[in-house]
Every structure is written in structure tokens, then in C-alpha cells.
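A.B. asks: Structure below; questions to follow.
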Amino acid sequence: MAQSPTAAVLGEIGLPAPLSQLASRPWDAIIVGAGHNGLACAAYLARAGKRVLVLETRPRVGGACTLEEPFPGVRMSPCAYLAGLLHPLVVDELGLVDRGFHWTPAVNGLFVPFLDGTSIQLWDDDDACEDEIRRFAPRDVNGWKAMTGVIRRLREALRPAGDRDVWIGDAPSQEELDARLGSDEEARQVLFHWSMAEFVERYLDDERLQTAYLGQGVIGTNASPFDPGTASIRYHHSSGRLGGIPGMWGYVQGGMGMVSFYFCDAAREAGATVAAGVSVAEILPGEGVLLEGGERISAPVVISNADPVVTLRLLGKSASSDFRSKVEHLPIQGCTVKLNVLLRELPDFTSRPGRAQPHHYGQINAPLTHAEWKAGFAASRRGELPQRLWCEIYFQSVHDPSVVPAGQHTMSVFAQYVPHTFAAGSWDDHRERVRKLAFDSIGRFCSNVPAAVIEAQVMGPPDIEEKVGLTGGHIFQGECLPGNMWSHRLAARTSMPGVYLCGACTHPGGSVIAMNGRNAAMAVLKDMK
């Protein structure tokens, strides 16, 4: 298995040459931002023989999907934590497996404990999950089959294995989507209309089982599961085919940031130049970029991996009116808090006691009641903390002990809702309250949390914005609700000559996908011809 040169320095690759030398060279394309999409885009362009320069403001490449050491001897990705939507075509074409990419499918699915002492393990194996549903809520077996069937039909209609996947290339039109869906009215409602609450309540009667699924409709989304369109978030996150396994998610060996590091290796191996610690001050359409230090680097094509708000700022007066209007109306305020946690032992759940149990190998939700969901969302919109947080929890270390000192564990907590801006005080004022709230929200289902916590890094939306450059702390560079997806999402091509986008703001949307980067590269190569 190959060793990653980028991983060897945890993505801190520095400058490959003095800026004066980089500015003196002829470039075909400059990519602003070395997140995973920008690096994938660079790899495709360089493999096509183009002279590509990638410029990253931060000292470490990878953006929100990178690796760092938040605690001594512990490697974690600050934001991204699990792979599932990473496109198999990109994995294959850029040779990630030969570079060392390995992942462990989280076949143990989703574990949800409840305050009444019951719990459910929603296995990713259909037969095992059906057995669990039959034990937990026997009257919901047929409804659960029907509910999962809708998601399966959507995935087969829109994202079949092979080149008919609508994520490849330009976004499909509404007419194309309608043609794919045909007479499947349930699938159409999930994709465009239903709230997550409507979705689960249509098929399930047991309120605990409904509650177990509600969070899957609002992951990273500033909306309540009772808001229209949130069922589509469930579909989006269930539509992957990584490793040829429909809907599966899993843990990347070494941590999620290895994905970006492999893309960086692929890009540099193909001849691209990647420079970290270089800040772009201005994008000059058709001409190149101006650096904050005053250097001007010329290229007929500039591709922005930055989010659209940052891209608009870099374009300044050069921004077209249509681009400016779309970006200024883009919903891009985050509502999530990420906790990167070091544990002395795994959480011991009172409903299923023990450590290193089957549920620790999947993902775990600390659920909310219907009333808690509604009150929590309303509180965050007022700039206040809720009484409880919905928490999604992952343990990279149970699959991959290499990321942590022996005997300890990592815990990634992805929780919502929190305010981007508090009605009173700053995030620094409230950080310890948020930390306590998160551990209290988890601890009511455990016997040893927060006692098992050694250290914790707490990042609210402004911290995410500062750390990885995502405006509003929004992990998807803008909402992924139906009104902002498909042909409504930003395209790789812009109306400005020589300016393209390749980030999560473009089709097919947010998460660690890399098809955004590939789509942009294909658009550039087609236009260059």
C-alpha cells in the first residue's frame, strides 16, 4: 500500500517555490482553495495535461475534510467524519485504493436509545433491521419496509450505478427529474415536498421509531424536521454507492482527511502545483488572481473551491449581477456545533450496557422528542440555546486504533441546533455552556458521560467559519433543501468569462462527494476545446 506524501506532513505542504517564481510561470488554470473538491478538480485537469496551480489560504490542505491533532497523539478531522457520498467514479479514476484508501462500512447502522430504557439498532442489513423492528415495534414492520422502499426507488431512479447517475455532469432539469420519477408519487413527495416528520409519520406509528429517524432529515440543515422539504435530506444522505454498497457509510482508515490528502497526492503526481499558506485577495475574470501580498498570477481560467460568499467577495466589482443576486439570497447560516472529543472509555448506554458493544461500531443518535425538536429549533432562531441538543455520535477509534493513544477513544459529536449568533454574548462567552449542554444531552442516556471525557474541542458555526473558511459555518456551502438543489444549485460554469465553481455550493450538493470537483474539471476541459 502506498504511503501518502501529503499525509506524512498532515497536509501542511507549504510553498513548493517562492511566490515570485509561481507568478512568473504560465498557468492554464488557478484553483482557489485546496478543499477536497478543489484538489480533485486539480487532479483531473492536470491529468488532461493542463498547467494547474492550487492556492490555499490555510497552512493545511483539505478544508473541512482534513486531519489535525486537536490533542497530543490524536488525529481527527475538524468537521468531516464519515464517508458515504464520496463518488465511486472519482475513487476509481484517481486511483485512491492504490494510494492507500481503505474504509470500513458501518454495517451496524444507527443505534438510538430512549429515556424509557428501550433502544433500537437500525442495522444497515435489511434482514437484521427487520428483525429489530419486529422486536421493537411489530406493527411497523410493513410501514418500515415501505418507507425504506421509497428511498431505494429514488436511488435507483436518479443514481443508478454507472453513467446514468444524475450527479455526473450538469444538473438535471425539472423535466428530466420528472421523467426519471415517472408515476412514483411517493418518491416525488420525498424529493421535493414532504417534511421529515410527514415522511416518518406516513409509514410509522410508534413515536419512538419516528423519533429515531427525525434527525436524518436535518443533518447540517437549518430547518426543523417539521419543515417542508426536509425528507429530501434523508434521501440525499442515503443515495451513495461507495464501494458498490447502496446507501452505506463508513470510516476511512486514518481519518476522513486522508481523502483530501489522496486527492492532493493525485494532483501533484499528475503535475499540478499545490501551494498552502497563500491568500488570494482578488479574482480577476479571464486574467488570473491577485494575492494579498500584491503578486499577480496569470491564468485564463480561475476555479473557486471557496464558498459562494467568499467567491463573491474575491470577485468584487467584477461579479456579474446574476451571480451577485443569487449569492446574496443564498441560505448559508449554519446551525451545528461539532465536538471533537477524547475519551478514557467508550460511553456506557443504560439501555444496552457495556463498552465496545455492536452499537459502538455504527453511529449513535441522542434523540429528541417532537416537542424538544420544535422548541430547540425555535430557541436557536431566537439566538438562544435549547434545553437539549440532538447529537449524532461516531467513534473512529473502534475501527481504527491508529488515530489515538492506546486505551483511549475518539468521539465525534455533530449536534444541533445552536445559534450562529447569540442574542446576548459571543460564542466565547457560551462555549462552556454548549459543551455542558452537549454532554448532558448525551449523558442522560449513559452512565459514564461526561465522566469519560478527557478533553473536548467545541466548534460552533463561527468557529467552523474561522477554522476552515466556510461562511456562516455552513458545512454544505449553502442549504441542500429542494429549493437549492438540482438546477436551482449553483453551476460549475458562471456568467463571468473564465470563472468556474467547484465547491459544495455546486451540483450535486454538500458532503464529501468530489463529483463537484470532477464536474467542474469536465466543464473547464470542454470549454477549453
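The values are calculated or read from the model by the stated rules, or taken from the named source; none is laboratory data. Small disclaimer: the values here were computed from a predicted structure and weren't measured. All Cβ positions, glycine included, derive from the backbone under ideal geometry; neighbour counts span all protein chains shown. Note: areas computed on protein heavy atoms with side chains; ligands, DNA, RNA excluded. Shrake-Rupley method; radii C 1.70, N 1.55, O 1.52, S 1.80 Å.
A.B. asks: Looking at the chain only, what percent of DSSP beta bridges run antiparallel? Nearest 5 please.
C.D. replies: Values: 43 of 62 bridges.
Restricted to the chain, the bridges split so that about 70 percent are antiparallel.
A.B. asks: Moving on. Compute the distance in nm between two label points, each set 7 Å from the Cα along the Cα-to-Cβ direction, one at residue 51 and one at residue 21.
C.D. replies: Each label point lies 7 Å from its Cα, and together they span 1.5 nm.
A.B. asks: Using a probe radius of 1.4 Å on heavy atoms only, what accessible surface per residue do you get for the range 157-241? Whole Å² is fine. Provide the component values of the computation, followed by the final result.
C.D. replies: Values: 3020 Å² over 85 residues.
Counting only protein heavy atoms, the per-residue value for the range 157-241 is 35 Å².
A.B. asks: For residue 205 and residue 433 in one chain, what is 0.36 nm times their gap in residues minus the Cα-Cα distance, to one decimal in nm? Working shown, then result.
C.D. replies: Working: separation 228, 0.36 × 228 = 82.08 nm, distance 3.56 nm.
Taking residue 205 through residue 433 to full extension adds about 78.5 nm, to one decimal.
A.B. asks: So, for the range 411-529, what is the accessible surface per residue at a probe of 1.4 Å, expressed in square angstrom?
C.D. replies: Numbers: 3910 Å² over 119 residues.
Averaged over the residues of the range 411-529, the accessible area is 33 Å².
A.B. asks: Would any residue of the range 108-125 have its amide N under 16 Å from a label point 7 Å out along Cα→Cβ of residue 444? List them or say none.
C.D. replies: What the label zone holds, given the 16 Å backbone N cut-off, is 112-119.
A.B. asks: At a 1.4 Å probe, what is the % contribution of carbon and sulfur to the accessible area of the range 407-529?
C.D. replies: Numbers: 2090 of 4070 Å².
Answer for the range 407-529 is 51 percent, counting heavy atoms of protein chains only.
A.B. asks: Report in % the part of the accessible area of the range 208-341 that belongs to carbon and sulfur, leaving out ligands and nucleic acids; probe 1.4 Å. Provide the component values of the computation, followed by the final result.
C.D. replies: Details: 1920 of 3950 Å².
Carbon plus sulfur share of accessible area: 49 percent.
A.B. asks: Further question on the same structure: Taking only C-alpha pairs under 8 Å that are 6+ residues apart, what is the relative contact order of the range 367-413 in percent?
C.D. replies: Numbers: 43 pairs, mean separation 14.2, N = 47.
30 percent.
A.B. asks: Roughly how many Å is it from the Cα centre of the range 444-480 to that of the range 246-297, as a whole number?
C.D. replies: Answer, in whole Å: 23.
A.B. asks: Rounded to whole Å, give me the distance from the Cα center of the range 379-413 to that of the range 108-133.
C.D. replies: 20
A.B. asks: Something else now. Under 30 Å Cα-Cα from residue 338, which lysines qualify once same-chain neighbours fewer than 8 residues away are excluded?
C.D. replies: Partners found: 326, 374, 436, 467.
A.B. asks: Which of rounded, prolate or oblate describes the range 376-494 when judged by the alpha-carbon gyration tensor and an a/c cut-off of 1.5?
C.D. replies: On the way: a/c = 2.03, a/b = 1.35, b/c = 1.50.
Oblate.
A.B. asks: Local charge sum around residue 266 (other residues, Cβ-Cβ under 13 Å, Lys/Arg +1, Asp/Glu -1)? Before the final figure, lay out each step's value.
C.D. replies: Working: positive: 47, 99, 268, 518; negative: 92, 93, 98, 265, 269.
Cβ neighbours under 13 Å give a net charge of -1.
A.B. asks: Then there's this: Consider a paramagnetic label point 7 Å from the Cα of residue 527 along Cα→Cβ; state which residues of the range 502-516 have an amide N under 14 Å from it.
C.D. replies: 502-503
A.B. asks: Let me have the 222 nm mean residue ellipticity of the chain computed from DSSP H runs of 4+ only, each contributing -39500 (n - 2.57), with the sum over all residues rounded to the nearest 500.
C.D. replies: Details: 20 runs with 184 residues, N = 529.
Counting only the DSSP helices, I get -10000 deg cm²/dmol.
A.B. asks: Around residue 63, what is the net charge, scoring Lys/Arg as +1 and Asp/Glu as -1 over all other residues with Cβ under 15 Å from its Cβ? Walk me through the intermediate numbers first.
C.D. replies: Details: positive: 58, 60, 338, 467; negative: 12, 56, 68, 307, 463, 465, 466.
In short, -3.
A.B. asks: For the pair residue 139 and residue 426, how long in nm is the line joining their label points, each one 7 Å along Cα→Cβ?
C.D. replies: With each label point 7 Å from Cα toward Cβ, the separation is 5.4 nm.
A.B. asks: Oh, and also: If a/c stays under 1.5 just call it rounded; otherwise compare a/b with b/c (prolate if a/b is bigger, oblate if not). Do that for the range 281-391, with a ≥ b ≥ c from the square roots of the Cα gyration tensor eigenvalues.
C.D. replies: Values: a/c = 3.90, a/b = 2.11, b/c = 1.85.
It is prolate, given that a/c is not under 1.5 and a/b is the larger ratio.
A.B. asks: Taking the highest mean first, how do the peptides 154-162, 358-366 order by number of other beta carbon atoms within 10 angstrom per residue?
C.D. replies: The densest-packed peptide leads the list: 358-366, 154-162.
A.B. asks: Sort out for me the Cα centre separation of the range 323-369 from the range 63-104, rounded to whole Å.
C.D. replies: 18
A.B. asks: With the cut-off at 1.5 for a/c, could you classify the range 161-242 from its C-alpha gyration tensor as rounded, prolate or oblate?
C.D. replies: On the way: a/c = 2.06, a/b = 1.74, b/c = 1.19.
Note, shape of the range 161-242 comes out prolate.
A.B. asks: At 25 °C and 0.890 mPa s, what whole-number value in µm²/s does Stokes-Einstein give for the translational diffusion of the chain, with Rh from the Kirkwood sum over Cα pairs?
C.D. replies: Working: Rh = 23.4 Å.
So the translational diffusion coefficient is about 105 µm²/s.
A.B. asks: By how many nm would the segment from residue 370 to residue 8 lengthen if fully extended, with 0.36 nm per residue of separation less the alpha-carbon distance? Spell out each step's value before the answer.
C.D. replies: Details: separation 362, 0.36 × 362 = 130.32 nm, distance 4.63 nm.
Length gained between residue 370 and residue 8: 125.7 nm.
A.B. asks: How much of the DSSP bridge set in the range 1-148 is antiparallel, in percent, rounded to the nearest 5?
C.D. replies: For the range 1-148, the DSSP antiparallel bridge percentage is about 55.
A.B. asks: Rank-order 111-120, 494-503 by packing density, defined as the average count of other C-beta atoms within 10 Å over each peptide's residues, highest first.
C.D. replies: Working: 111-120: 17.8, 494-503: 22.5.
Final packing ranking: 494-503, 111-120.
A.B. asks: Please give me the summed charge of the neighbours of residue 254: other residues whose Cβ is under 11 Å from its Cβ, Lys and Arg +1, Asp and Glu -1.
C.D. replies: Taking every other residue near residue 254 into account, the sum is 0.
A.B. asks: Any chance you could run the full-extension gain for residue 269 through residue 344? It's 0.36 nm times the residue separation minus the Cα-Cα distance, nm to one decimal. If you can, show how the numbers build up before the last one.
C.D. replies: Working: separation 75, 0.36 × 75 = 27.00 nm, distance 4.01 nm.
That pair, residue 269 and residue 344, stretches by 23.0 nm at full extension.
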